[in-house]
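Notes for the one structure printed next.
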Amino acid sequence: MPDIRPLSPELALKAKEELNEIPDRIEEDLATLRTWLAKSPHIKSRNDDQFLLMFLRGAKHSIERAKQKLDLYYTIRTALPELIRNRDPYDEKMAALMRLGSAVPLPNTETPSSPRIFLIRPGAYDPAKFTIQDVFKFNSMMGDIMMKEDDNLGIAGQMGILDLSNTTMAHFLQFNPTFVKKATMWSQEGSPLRLKGFHYINTPSGFETVYNLFKSFMTEKNRSRLMVHGSNMESLYQYIPKRLLPSEYGGDAGPIQDLVDKWVAKIESNSDYFKEDEQYGTDEKKRPGKPKNADSLFGIEGSFRKLEVD
């Protein structure tokens, strides 16, 4: 039997109806993925059941799509060492950033089979002290833990709330086009997770430029899931019930700092996992066919001419 977590009845039903999951077939599909990995000299991958199942679910149990997602997951990560390497929660700078809580998953979902909600607050960090690469590295640590532990995330998807309170032009200036393309491709192509909605609140002037830049690299499906609420919280509550939010937003999830402190402890307890993760990735010299590198993945010459006239 595969070594995977049993699902709640609600998530099991969602996995069956939305992701084509047939429990009796999982073991065979995992074996097929492992055989393919063994014949893919360029990929060094984790191969435990729970990890590989995440890619089957992300591909709605299409083996070929799961292979593509797994290859791209490691290809993109290898091409982004600034976001994925040296992820040490005890590093002084990283430890300070983690405690600011610029991003935190909320503890409750709307129903037992609803998406996981993330609260993202870029205004919590000082752009003079931390780069956007530091912030994304921290986000990748949190995301990796959730990918291995959170079945709501893996089956129902994720929903983001981006609170732009206290952001300044210095925050926005960190989002250059090259970085935005990398970040979008990483989250869209290089992840088995599905975006179910992204909600922007407390948006300042200057926001539209960065917003349009991100949108320009998104798929049509993901663009349709973006919602801008400005300072209208009642508009947000139509999509995300108020009770799920931290107390600072009038909800029942408790103070933000309590949520952040729990996550800091969780990330620290996974420090060995991040060290171990350094060994995984792709070796493009061994890839059959044409190697892939940062230029071929993110080559953006000419991609921005249209942005200049927008």
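The values are calculated or read from the model by the stated rules, or taken from the named source; none is laboratory data. All values reported here derive from a predicted model rather than from experimental measurement. Neighbour counts run over all protein chains shown; Cβ positions are idealised from the backbone, glycine included. Areas reflect the complete protein model, heavy atoms only, side chains present, ligands, DNA and RNA absent. Shrake-Rupley method; radii C 1.70, N 1.55, O 1.52, S 1.80 Å.
Find all pairs meeting these conditions: Cβ atoms under 8 angstrom apart; at least six residues apart or on different chains; first residue within the range 85-114 and touching a residue at least 12 places away in the same chain (Cβ under 8 Å); second residue open to solvent by 50 Å² or more (accessible area, probe 1.4 Å) and among the polar types (S, T, N, Q).
From residues that are touching a residue at least 12 places away in the same chain (Cβ under 8 Å), the pairs are G101/Q257.
Here is a list of conditions, (1) over 21 Å from M141 (Cβ atoms); (2) assigned to a helix (DSSP H, G or I); (3) at pLDDT 90 or above, and H199 meets all of them except one; can you say which number that is?
The single condition H199 does not satisfy is (2).
List the number of the failed condition for F179; all other conditions in (1) open to solvent by less than 30 Å² (accessible area, probe 1.4 Å); (2) over 24 Å from P255 (Cβ atoms); (3) not in a helix (DSSP H, G or I) hold.
Only one criterion in (1) open to solvent by less than 30 Å² (accessible area, probe 1.4 Å); (2) over 24 Å from P255 (Cβ atoms); (3) not in a helix (DSSP H, G or I) is unmet by F179, namely (3).
Kindly provide the set of residues from the range 236-266 that are assigned to a helix (DSSP H, G or I) and open to solvent by less than 30 Å² (accessible area, probe 1.4 Å), ordered by number.
Across the range 236-266, the qualifying residues are L236, L244, I256, L259, V260, V264.
I'd like the full set of residues that are assigned to a helix (DSSP H, G or I) and open to solvent by 10 Å² or more (accessible area, probe 1.4 Å), limited to the range 47-56.
Within the range 47-56, D49, Q50, F51, M54 meet the criteria.
Out of S62, S140, which single residue is open to solvent by 30 Å² or more (accessible area, probe 1.4 Å) and either more than 30 Å from S247 (Cα to Cα) or within 16 Å of the chain's Cα centre (by Cα) (or both)?
Checking each option against the conditions leaves just S62.
Take the range 1-43 and flag every residue that is farther than 17 Å from G154 by Cβ and either in contact with a Leu (Cβ under 9 Å, 6 or more places away or on another chain) or of a type in the set (S, T, Y) (or both).
Result: T32, R34, T35, W36, L37, S40, I43.
Find all pairs meeting these conditions: Cβ atoms under 7 angstrom apart; at least six residues apart or on different chains; first residue within the range 11-30 and of a type in the set (S, T, N, Q); second residue open to solvent by less than 90 Å² (accessible area, probe 1.4 Å).
N20/K60; N20/H61
Please determine, by comparing only the residues of the range 1-46 that are of a type in the set (K, R) and over 30 Å from P291 (Cβ atoms), which one is least open to solvent (accessible area, probe 1.4 Å).
Ranking the qualifying residues of the range 1-46, first place goes to K14.
Hey, could you check the range 81-97 for residues that are surrounded by 19 or more Cβ atoms within 10 Å (Cβ to Cβ) and either within 10 Å of G281 (Cβ to Cβ) or among the charged types (D, E, K, R) (or both) and say which is farthest from the chain's Cα centre (by Cα)?
This residue is R87.
Would you mind telling me which numbered condition in (1) in contact with a Leu (Cβ under 7 Å, 6 or more places away or on another chain); (2) more than 19 Å from K148 (Cα to Cα) T168 fails?
T168 satisfies all of (1) in contact with a Leu (Cβ under 7 Å, 6 or more places away or on another chain); (2) more than 19 Å from K148 (Cα to Cα) except (1).
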